[in-house]
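The values are calculated or read from the model by the stated rules, or taken from the named source; none is laboratory data. Keep in mind it's a predicted model, so treat the numbers as computed, not measured. Cβ: placed from backbone, ideal geometry, glycine included. Neighbour counts: every protein chain shown. Areas reflect the complete protein model, heavy atoms only, side chains present, ligands, DNA and RNA absent. Shrake-Rupley method; radii C 1.70, N 1.55, O 1.52, S 1.80 Å.
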Amino acid sequence: MVSRGPCAALLAGVLLWAGLAGASDPFPVTAAAVAVPAEEAAEARPTGYREVVETPETFPDKGDLQATLRSVTLVPQRGYTPIQVTVHNLSGQPRPVHLAIQSQGRVTERSLQVGPRERVVTYLMLPADLTSGRLEMSSPGVQTSSGGFYLDGYRGARVMVLGDVKSFERTTAMNRSEDSQEPLVATRFLDARVAPRDLAAYVGYDAVLVTVPPGEVPDDVWAVLESFALSGGKLVLTQPPANPRLHFPLLQDARAELSAYGFGQVRQCRDTPAACGQALGDDVASAEGIVRPAGPPPQWERNDMLRDGRQPLLASARAPVGRFMFLIFLFTLAVGPGGLMLARRKGPLAVLIAVPTLAAVTCLALVAWSVLVDGFRVHAARYSLTLLDRERSRAVTVGLAAWYANLAEETVSMPASSVLLGSQEPEDPPRTLDWTQGLVLRDSFLPSRTYREWGEVAVLPSRARLTARKVEDGVIVQNALGADIVAGRLSFQGQLWTLPAMPDGAEARAVPLPPSPPESLPAESGADTVLELPHEVGLRFPSATSPVQAELEAGEFLVRVGGRGFASTAAVDVDLEDAVHLVRGGFEEVRP
């Protein structure tokens, strides 16, 4: 018994040591414990794509004039949904055709001329907050026909594809997701040959893909796709052209996989299809819109704040509460203690006459204040970021305007190369949108005595420029931007120069900036707050300020100008309360 005790104790100690050693090693247990969540996370991760199948519906069944509507279209995140309509004239006579979509008391319309035996593909841009409607087609001598439709209001990432399903799957290595699985993107497929020619058809989607060979895309479609990228869109070319600069002249590196392009970006998939599909997922994950006007608060939260806690950008849009309270206080004193004194001196009949008279006088005073101070004009505050392309004589603008009209402003016109963007949940939106030539908004563009914000993106012709010439003791700059310069900077001959205030058409001498410490060089061009947007305004431009306020390259300038800016709605006559426009571009060097 004595001899077995130590052996048993020794054996127990060895086993205990081995057990503790195994228990102290955390890797097998942790790896097993972590492997299951990792696999579950991989399974729950969105993959593949969800195709929104568009169903063609033709009406009427008989007759010489027919319309084919492609319904169940994918609604974009913001902006407008392009509704594709094909009009076929079976007769031997040309016909004027009017197309109109009726939805919730709002009308989207377009007029066109269809030749004999001609088939025309056109698009009506329906505001993205609408998900159903009824299309009506009318023509002189033809009975009006109509057909209803519904749209797909998917809430995830949404992309437009110029190409078919086969080319998309081949160039992105993405497959259809199962019905029970969350897709990476929802897709809408369009034939590139009949793709929309209006910029408004593209700006609301998170990305636009071109999956067909470049030769199958018409030149005018390439032009609008370039404008889409310039104005803040994300464009993906799964089969890049041999000479990308033919369609995208501002590319710095024609062979780069991802290039910043104006306010947006152009991605050329030159790697494997799987890498292209993964890059598409990364692009749409960060899409947030180039400009985001603030909408009104919910009706149950009526206050001075806008949606998401934003502040109005117009002082005239806020009621003069202090002055009104002072008038109410005076009225209360006159009716209360004043009425009591009047009753003691003149009797109750005098009070019955004086109180209504005093109330009428107070109301007239409030009305007179509104007329004399606010007037009948439209008040506005305008803000914009502009990139000047001097070689092609155009201006790329992302803008925002805050409006307040004492009397309703009914109509505004926009060219096809610009887009007017409202808030995502509009209140009392325009009731009539005519897309025959660009966009004409009628009825309630600006309702009376209601604060409104409208965003804009535009690529417009412009001869605005800045010229500079070297003299013995400095640099002379001439302002030919069409607006007064408040302040600015330019990079000339390896040195930064600051610009003073200059009226339009005037000349001034630039002042050289002293050398800055190396750590401040990356932010030099935007260091001065006068060359930045106000904080509350900058919240409406989540990603647009970076291209404008990046470090200045040689031969570039950045200035702040006043006035109404370069956007299309600058033609509207307003009382301008505030204006901040940042303009960046390359200046023209004039030889002495």
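State which residue is farthest from Gly48 (Cα to Cα) when the search covers only the stretch 174-188 and only residues that are assigned to a strand (DSSP E or B) and open to solvent by less than 20 Å² (accessible area, probe 1.4 Å). Spell out the reasoning first.
Filtering the stretch 174-188 down to residues assigned to a strand (DSSP E or B) leaves 176, 185-188.
Subsequent filtering for residues that are open to solvent by less than 20 Å² (accessible area, probe 1.4 Å) retains 185-188.
Working: Val185: 7, Ala186: 9, Thr187: 10, Arg188: 14 Å.
Only one residue tops the list, namely Arg188.
Quick one: Leu388 ticks every box in (1) open to solvent by less than 50 Å² (accessible area, probe 1.4 Å); (2) not aromatic (Phe, Trp, Tyr); (3) not in a strand (DSSP E or B) bar one, so which box is it?
Just one mismatch for Leu388, condition (3).
For the stretch 189-204: of the residues being open to solvent by 10 Å² or more (accessible area, probe 1.4 Å) and not basic (Lys, Arg), which is nearest to Ser71 (Cα to Cα)?
Looking at residues that are open to solvent by 10 Å² or more (accessible area, probe 1.4 Å) and not basic (Lys, Arg), I get Phe189.
Within the stretch 285-303, take every residue that is assigned to a helix (DSSP H, G or I) and loosely packed, with under 10 Cβ neighbours inside 10 Å and give me the one that is modelled with the highest pLDDT.
Gln299
Here is a list of conditions, (1) surrounded by fewer than 21 Cβ atoms within 10 Å (Cβ to Cβ); (2) assigned to a loop (DSSP other than H, G, I, E, B), and Pro547 meets all of them except one; can you say which number that is?
If we test Pro547 against (1) surrounded by fewer than 21 Cβ atoms within 10 Å (Cβ to Cβ); (2) assigned to a loop (DSSP other than H, G, I, E, B), just (2) comes out false.
Could you tell me how many of the residues in the stretch 82-110 are over 26 Å from Pro426 (Cα atoms) and either among the small types (Gly, Ala, Ser) or touching a helix residue (DSSP H, G or I) at 6+ places or on another chain (Cβ under 6 Å) (or both)?
Residues that pass the stated criteria total 2.
Considering only residues of the stretch 111-143 that are of a type outside the set (Asp, Glu) and outside any strand (DSSP E or B), which is modelled with the lowest pLDDT?
The selected residue is Gly141.
Just to be sure before I move on: is Asp25 at pLDDT 50 or above and of a type in the set (D, E, K, R) in the structure I sent?
Against the criterion (at pLDDT 50 or above and of a type in the set (D, E, K, R)), Asp25 does not qualify.
On the given criteria, is Val210 open to solvent by less than 10 Å² (accessible area, probe 1.4 Å) and of a type in the set (A, V, I, L, M)?
Answer is yes for this residue.
Any residue in the stretch 257-274 that is closer than 21 Å to Ala416 by Cβ and assigned to a loop (DSSP other than H, G, I, E, B)?
Checked against the condition, which is being closer than 21 Å to Ala416 by Cβ and assigned to a loop (DSSP other than H, G, I, E, B), the stretch 257-274 yields at least one hit.
Could you list all residues from the stretch 264-278 that are farther than 16 Å from Ser231 by Cβ and either touching a Leu at 6+ places or on another chain (Cβ under 6 Å) or surrounded by 18 or more Cβ atoms within 10 Å (Cβ to Cβ) (or both)?
Passing the criteria: Arg267, Gln268, Cys269, Cys276, Gly277.
Across the stretch 177-206, what is the number of residues that are under 11 Å from Val159 (Cα atoms) and either free of Cβ contacts under 8 Å to residues at least 24 places away in the same chain or of a type in the set (D, E, K, R) (or both)?
2
When the residues of the stretch 371-404 are narrowed to those that are over 23 Å from the mean Cα position of the chain (by Cα) and among the small types (Gly, Ala, Ser), which ends up modelled with the highest pLDDT?
Ser393
I'm told Ala554 meets every condition in (1) open to solvent by 50 Å² or more (accessible area, probe 1.4 Å); (2) touching a Lys or Arg at 6+ places or on another chain (Cβ under 7 Å); (3) of a type in the set (A, V, I, L, M) except one. Can you identify the failing condition by its number?
The number of the failed condition is (2).
When you go through (1) of a type in the set (Lys, Arg); (2) under 27 Å from the mean Cα position of the chain (by Cα); (3) open to solvent by 60 Å² or more (accessible area, probe 1.4 Å) one by one for Arg106, which number turns out not to apply?
(3)
How many residues does the stretch 109-135 hold that are open to solvent by 40 Å² or more (accessible area, probe 1.4 Å) and either hydrophobic (A, V, I, L, M, F, W, C) or in contact (Cβ under 8 Å) with a residue 24 or more places away in the chain (or both)?
9
Tally the residues that are open to solvent by 10 Å² or more (accessible area, probe 1.4 Å), closer than 22 Å to Leu151 by Cβ and not in a loop (DSSP other than H, G, I, E, B), restricting the search to the stretch 67-97.
Of the residues in the stretch 67-97, 5 are open to solvent by 10 Å² or more (accessible area, probe 1.4 Å), closer than 22 Å to Leu151 by Cβ and not in a loop (DSSP other than H, G, I, E, B).
Tell me, which residue of the stretch 350-370 that is surrounded by 11 or more Cβ atoms within 10 Å (Cβ to Cβ) and of a type in the set (Ser, Thr, Tyr) is modelled with the lowest pLDDT?
The extreme case among them is Ser370.
Taking the stretch 225-235 as the region of interest, how many residues are in contact with a helix residue (DSSP H, G or I) (Cβ under 8 Å, 6 or more places away or on another chain) and free of Cβ contacts under 8 Å to residues at least 60 places away in the same chain? Spell out the reasoning first.
The initial filter retains those residues of the stretch 225-235 that are in contact with a helix residue (DSSP H, G or I) (Cβ under 8 Å, 6 or more places away or on another chain), namely 227-228, 231, 234-235.
Add one more test, that the residue is free of Cβ contacts under 8 Å to residues at least 60 places away in the same chain, and what stays is 228, 234-235.
So the answer is 3.
Counting only residues that are farther than 16 Å from Arg469 by Cβ and not in a strand (DSSP E or B), which one in the stretch 498-512 is least open to solvent (accessible area, probe 1.4 Å)?
It comes out as Pro500.
Every residue in the stretch 464-474 that is in a strand (DSSP E or B) and either open to solvent by 20 Å² or more (accessible area, probe 1.4 Å) or in contact with a Cys (Cβ under 6 Å, 6 or more places away or on another chain) (or both), please. Reasoning before the result, please.
If we filter the stretch 464-474 for residues that are in a strand (DSSP E or B), which is where we start, we get 465-471, 474.
Once the filter is applied, which keeps residues that are in a strand (DSSP E or B) and either open to solvent by 20 Å² or more (accessible area, probe 1.4 Å) or in contact with a Cys (Cβ under 6 Å, 6 or more places away or on another chain) (or both), the stretch 464-474 yields Arg465, Arg469, Lys470, Val471.
Quick check: is even one residue across the stretch 144-159 closer than 28 Å to Pro214 by Cα, assigned to a loop (DSSP other than H, G, I, E, B) and open to solvent by 60 Å² or more (accessible area, probe 1.4 Å)?
No, the conditions are met nowhere in the stretch 144-159.
How many residues are under 30 Å from Gln181 (Cα atoms) and in contact (Cβ under 8 Å) with a residue 40 or more places away in the chain when one looks only at the stretch 70-99?
So the count comes out to 14.
Could you tell me which of the residues Val412, Val457, Val477, Val440 is within 19 Å of Ala567 (Cβ to Cβ) and buried (at least 24 other Cβ atoms within 10 Å of the Cβ)?
Only one candidate qualifies: Val457.
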